[in-house]
Every structure is written in structure tokens, then in C-alpha cells.
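J.: Once you've had a glance at the structure underneath, I'll fire off some questions.
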Amino acid sequence: MSALEDTLLATYRAARETAHDRFLDAMLDVLRVRVPFDAGRWATGNFIGGSAVFDSVHLVDEMPDWQNAYTQISALDHAAKFAVSHQYTTGNFHFPTYFAGPANRAMRDYAQRFRHASGLVTCSKDVKAQVLINLSVFRADPDASFAEAERVFVQSLYPHLIEAWKINQALQIERACDRTSPARWSAAICTPGGQIVLAEPSFTEALRTEWPAYPRLAGALPAPLAQAMQSGTPTFKGESHVFRFERGHETALVRTRPRVPLDRLSTRELNVARLVSAGHSHKEVALLLGIAPATVRNHLQAIYDRAEIHSNTDLVAQMSAIDP
């Protein structure tokens, strides 16, 4: 078995077996076995105004203040511009040489500060998701440049890394959505800025139902939904659908389902409904929420009226549908 074939098997195995929040580390560890590097990053974002703007960045042994420093000089990064204009082609750069000359002094200082003496840089743009994907790995020793064989290896592997990354995300979505639930949950993986990295078709249809003018190939959450996600709120209730956010450091899982009568309830009423549906008596609910038993009964009657529920059995069934 060749080195590339062995790496492909290890990469796809990691996609299936590794939890989402650890997958990028596992994927880059697999690459590192064949192409040793001192620091690296997997980033998603876009190319705006001649500069690469990264919305989500996964760093491996990189200095933590890298992104702030890079933002200041990104417009001068001709290596990144090369990678963007030559998609799926891995560029091999010896930065002291590539950024020679007075005009590139800021880039040389940046590369020296972050110990990027040489690098392999690859970019591509997902046409459907409209997301720029970047893989960069670096060595600190100016005399340890990457070999041409290593460049070719990374270039050959890169499309498979993207595919494995998407497989891992799809598995995360599958685990997050209970297909046996009558609520019909669907989901998408998004960057913190609201770029959609991967979405189920039913999620995209839900966006179009909630926002009829939503473009077919938008590549990003509608502005009200993105703003809600960034505000820290756990839930966004639209006219036709409810959306829930589970934020991670680099991505967010956004789930949605159609609205049901229980969505008319207030936060306090929902708390009462959850406890009652979990089997607690009125007295127990009152103790847990610090209210009187009579108030619990009043809340429960309001819940029955507003949500068109006729018994506790109906309540349990409806609560199991709205809570994933």
C-alpha cells in the first residue's frame, strides 16, 4: 500500500470514528505523519476585497494571537492570493525568499514572528456553500523547506481532507437529529459568522419556507437567524419554524423543526410543561420552581388551552416532539 493510500484510509477512518470537536486535530495528525510540520491551520471564510477573511480557524501548534496579526497584513499575503487563484493547487513557499524586497517587509516580519519560514498553502471554494477552505502547514527552520514530493502529496490529499471533513460533519448532523421524533428536525453546520458549511436539503427548504426570498444558493444563514446565533440566544422562533443553536469554538450546529402549538407557551409555562411531562406532581413542580401548587394548576390549564392539549398523555407526546 502506498503512503497516500494509507493516509487516505486513516483519514476516512477518523472521519467515521472521531467526534466532531476532535476531528480536525485527528485529521491533521494523520497528515503530519507523512508531511512533518511545526504549525498548521484549517480555516474557512471568504476572499473579500483582495484579502482572505477567515470566519473559523482551527490552529495546530500556532501562536494564539495569530489571527489578529494576520488580519493586519492579509492584503499583503501574495501566497494566499496565489492559493485562491489556483484552487486545489498546493503552493510551496520559502517565505524569506518569496517575500524578499522592501515592499514585503511587513510580511517577512509577520512570518518571522510566527516562525513561518516555509509553508504549503492550499485553498478551494465550495461552490454550493460559497465557503473558502484553506489548509496551511508551516516549518520554522529556514533550512527545512518542504520538498516537491511533499507538496504533491498534500495536493493529492487535499480534496480527500475536505470530503472527510464533510463526512464527519454529516455524521454530527445525523447524531443530532432524532429521525424517530415526530418533530422532523433537520440541521446544518455553520461558521460563527453564519456561513453554511453543510446543510441537509430539508434545512434549506425550512429557510425558504421561513424566508421566501431566501436565495437558492445563498451559502449563508438569513441575516435575522445569523444575528440571533451570534447574540447567544439558544432559540429563534420564526413564523413557520423554530431554530436552535449549539455553538462550538469553530462551528455551530443549527437545528430546525416546524412550529407546533407548544411554541406559543411562555418560558415559565414551558418549564412547567417539561416537569409535568417528566412525571412530577403539582406539588413537586411547585417546589422545584418556587411557586404555589395553585399556580402550577393555573399554568397547566393555560398550557392546555394555548397548546390545544386535552390530557397529560397529549402533553408528554407533544413535549417529546419539541425537545430533541
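J.: Could you say whether any residue in segment 184-200 is on the phi > 0 side of the Ramachandran plot, outside the structural domain of Leu24 (by TED's automatic domain parsing) and not small (Gly, Ala, Ser)?
T.: Initial filter on segment 184-200 (on the phi > 0 side of the Ramachandran plot): 184, 194.
Add one more test, that the residue is outside the structural domain of Leu24 (by TED's automatic domain parsing), and what stays is 184, 194.
Subsequent filtering for residues that are not small (Gly, Ala, Ser) retains 184.
Yes, there is a match, as at least one residue in segment 184-200 is on the phi > 0 side of the Ramachandran plot, outside the structural domain of Leu24 (by TED's automatic domain parsing) and not small (Gly, Ala, Ser).
Yes/no matrix, rows are residues, columns are (1) touching a Lys or Arg at 6+ places or on another chain (Cβ under 8 Å); (2) surrounded by fewer than 16 Cβ atoms within 10 Å (Cβ to Cβ); (3) farther than 30 Å from Asp21 by Cα:
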residue	(1), (2), (3)
Gln227	no, yes, no
Val242	yes, no, no
Arg257	yes, no, no
Leu265	yes, no, yes
Ala278	no, yes, yes
Val285	no, no, yes
Leu288	no, yes, yes
Ala294	no, yes, yes
Gln301	no, yes, yes
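J.: Which residue pairs have Cβ atoms under 8 Å apart, sit 6 or more places apart or on different chains, and have a first residue in segment 221-242 that is closer than 21 Å to Leu262 by Cα and in contact (Cβ under 8 Å) with a residue 60 or more places away in the chain and a second that is among the charged types (D, E, K, R) and not in a loop (DSSP other than H, G, I, E, B)?
T.: Val242/Arg257; Val242/Asp263
J.: Here's a follow-up. Could you list all residues from segment 121-140 that are modelled with pLDDT under 95, outside any strand (DSSP E or B) and touching a strand residue (DSSP E or B) at 6+ places or on another chain (Cβ under 8 Å)?
T.: Ala129, Gln130
To keep it simple, each residue is scored yes or no on (1) within 24 Å of Asp61 (Cβ to Cβ); (2) among the aromatic types (Phe, Trp, Tyr).
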residue: Val84; (1), (2): no, no
residue: Gln87; (1), (2): no, no
residue: Pro102; (1), (2): no, no
residue: His116; (1), (2): yes, no
residue: Phe138; (1), (2): yes, yes
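J.: For segment 169-180, state whether one or more residues are surrounded by fewer than 20 Cβ atoms within 10 Å (Cβ to Cβ), within 24 Å of the chain's Cα centre (by Cα), free of Cβ contacts under 8 Å to residues at least 12 places away in the same chain and not in a helix (DSSP H, G or I).
T.: Yes.
J.: Moving on. Can you name every residue in segment 262-303 that is farther than 15 Å from Asp314 by Cα and in contact with a Ser or Thr (Cβ under 8 Å, 6 or more places away or on another chain)?
T.: Ala286
J.: Here's another thing I want to ask about it. From (1) over 22 Å from the mean Cα position of the chain (by Cα); (2) buried (at least 18 other Cβ atoms within 10 Å of the Cβ); (3) not basic (Lys, Arg), pick out the condition that doesn't hold for Pro102.
T.: So the condition that Pro102 fails would be (2).
J.: Exactly one of these conditions fails for Met27: (1) at pLDDT 85 or above; (2) surrounded by fewer than 20 Cβ atoms within 10 Å (Cβ to Cβ). Give me its number.
T.: Every listed condition holds for Met27 apart from (2).
J.: Right, here's the next one. Collect the residues in segment 190-205 that are outside any strand (DSSP E or B) and under 17 Å from Glu174 (Cβ atoms), keeping them in residue-number order.
T.: Glu200, Pro201, Ser202, Phe203, Thr204
J.: Would segment 268-286 turn up any residue that is under 18 Å from Glu308 (Cβ atoms) and not assigned by TED's automatic domain parsing to the domain that holds His299?
T.: For segment 268-286, residues under 18 Å from Glu308 (Cβ atoms) and not assigned by TED's automatic domain parsing to the domain that holds His299: absent.
J.: Please find, among Gly248, Gly232, the residue that is under 30 Å from Arg22 (Cβ atoms), assigned by TED's automatic domain parsing to the domain that holds Tyr214, within 19 Å of the chain's Cα centre (by Cα) and at pLDDT 85 or above.
T.: Working: Gly248 fails: at pLDDT 85 or above.
None of the others qualify; the one that does is Gly232.
The values are calculated or read from the model by the stated rules, or taken from the named source; none is laboratory data. Since the model is a prediction, treat every value here as computed from it, not as a measurement. No Cβ is skipped: glycine too gets one built from the backbone with ideal geometry, and neighbour counts run over all protein chains shown.
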